[in-house]
Amino acid sequence: MPLEIVTIPCLQDNYAYLIHDAASGQTALVDVPEASPIMAELSQRGWALSEVWITHHHPDHVDGLPEVLAQYPAKVVGSKGDAHRLPPLDMAVADADNFSFGGETVQVLDMSGHTIDHIAFYLPESDAFFTADSLMVMGCGRLFEGTPAQMYLSLQKTAEMPPQTRIYSGHEYTASNASFATTVDPANPALILRITDIEYKRANGLPTIPSTLELERETNPFLRADNPEIQEHLNLTGASHIDVFTEIRARKDRF
Ligand code: ZN
Ligand code: FE
């Protein structure tokens, strides 16, 4: 039985995710922006909560945790390096750690950049990658703590992942990310096509998440620093990929 993944819109534009294993009855929650929509979803589905996986310390990813735990005692998993500024952890994990959930392997990846010690959770058997504010749909998280080079190297960790890997990121920023993408990659036909799909989804109140790595490789400028057309557009033909990435990130900050 494949794991069931439920997307829960929270706050203004955050997402939390439930991952449910029907065989064992276990349910994991990725990030806790606020308690009420998550608890409503759990109660409607009749699921108990077994684990909470925290990606990073920002309030819009942890603030709902005490309220959720009060009703659903669960094991809290988070980054070892971030433990001093996260809620109390039952299991502290670091880059390249593995643990199992619902009979599957969960790989922990350090995806520093947005914050230092931001982690992501990769379930290769389910082709699911919970990236929060590292790799985002058509974008990447703003660099509050890390350098462009750190974020670039974090995103490079997706290079070996299969194209069908589904990207579950932490926010619904896709429409504005797409508008920005057209400013650095204006002639990309895949991007032009994708914008129509995004506009349709947002007009109908649908999440643009999950995306796939294949689509991101075709349309996310932050995964395309090696693209000759983008380099030419930025007057950076032949520059190092980190320099191209840095310029794209700087432009996004001003966008
Ligand atoms: Zn954040
Ligand atoms: Fe966030």
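Key figures
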read-out: Single match in 125, 214, 199, 218 (criterion: outside any strand (DSSP E or B), of a type in the set (D, E, K, R), surrounded by fewer than 24 Cβ atoms within 10 Å (Cβ to Cβ) and within 16 Å of the chain's Cα centre (by Cα)); value: 214
read-out: Selection from region 224-243 of residues that are exposed (fewer than 15 other Cβ atoms within 10 Å of the Cβ), closer than 14 Å to residue 186 by Cα and under 28 Å from the mean Cα position of the chain (by Cα); value: 228, 229
read-out: Conditions (1) over 18 Å from the mean Cα position of the chain (by Cα); (2) free of Cβ contacts under 8 Å to residues at least 12 places away in the same chain; (3) within 14 Å of ligand 1 (Cβ to nearest atom): number failed by residue 85; value: (2)
read-out: Selection within region 142-193 - assigned to a helix (DSSP H, G or I), touching a Ser or Thr at 6+ places or on another chain (Cβ under 6 Å) and small (Gly, Ala, Ser); value: 154, 190
read-out: Some residue of region 182-195 being hydrophobic (A, V, I, L, M, F, W, C), surrounded by 14 or more Cβ atoms within 10 Å (Cβ to Cβ), within 23 Å of residue 233 (Cβ to Cβ) and in contact (Cβ under 8 Å) with a residue 60 or more places away in the chain; value: yes
read-out: Residue among 202, 224, 217, 142 that alone is under 21 Å from residue 60 (Cβ atoms) and either out of contact with any helix residue (DSSP H, G or I) (no Cβ under 8 Å at 6 or more places or on another chain) or away from ligand 2 (no atom under 16 Å from the Cβ) (or both); value: 202
read-out: In region 59-71, the residues that are within 15 Å of ligand 1 (Cβ to nearest atom), in contact with a strand residue (DSSP E or B) (Cβ under 9 Å, 6 or more places away or on another chain) and more than 14 Å from residue 131 (Cα to Cα); value: 60, 62, 64, 65
read-out: Close pairs (8 angstrom Cβ cut-off, 6 or more residues apart or separate chains): basic (Lys, Arg) in region 126-153, in a loop (DSSP other than H, G, I, E, B) anywhere; value: 142/114; 142/133
read-out: Restricting region 110-162 to residues that are of a type in the set (Asp, Glu) and either more than 15 Å from ligand 1 (Cβ to nearest atom) or in contact with a strand residue (DSSP E or B) (Cβ under 9 Å, 6 or more places away or on another chain) (or both), the residue that is farthest from residue 18 (Cα to Cα); value: 160
read-out: The listed residue being touching a Pro at 6+ places or on another chain (Cβ under 7 Å) and within 16 Å of ligand 1 (Cβ to nearest atom), out of 214, 172; value: 172
read-out: Unmet requirement for residue 20, which otherwise passes all of (1) closer than 21 Å to residue 211 by Cα; (2) under 17 Å from the mean Cα position of the chain (by Cα); value: (2)
read-out: Condition met for residue 103 (exposed (fewer than 14 other Cβ atoms within 10 Å of the Cβ) and either touching a residue at least 60 places away in the same chain (Cβ under 8 Å) or closer than 20 Å to residue 213 by Cα (or both)); value: yes
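Just so you know, all these numbers are worked out from the coordinates, no wet-lab data involved. No experiment lies behind these values; they were computed from the predicted model shown. Neighbour counts run over all protein chains shown; Cβ positions are idealised from the backbone, glycine included.
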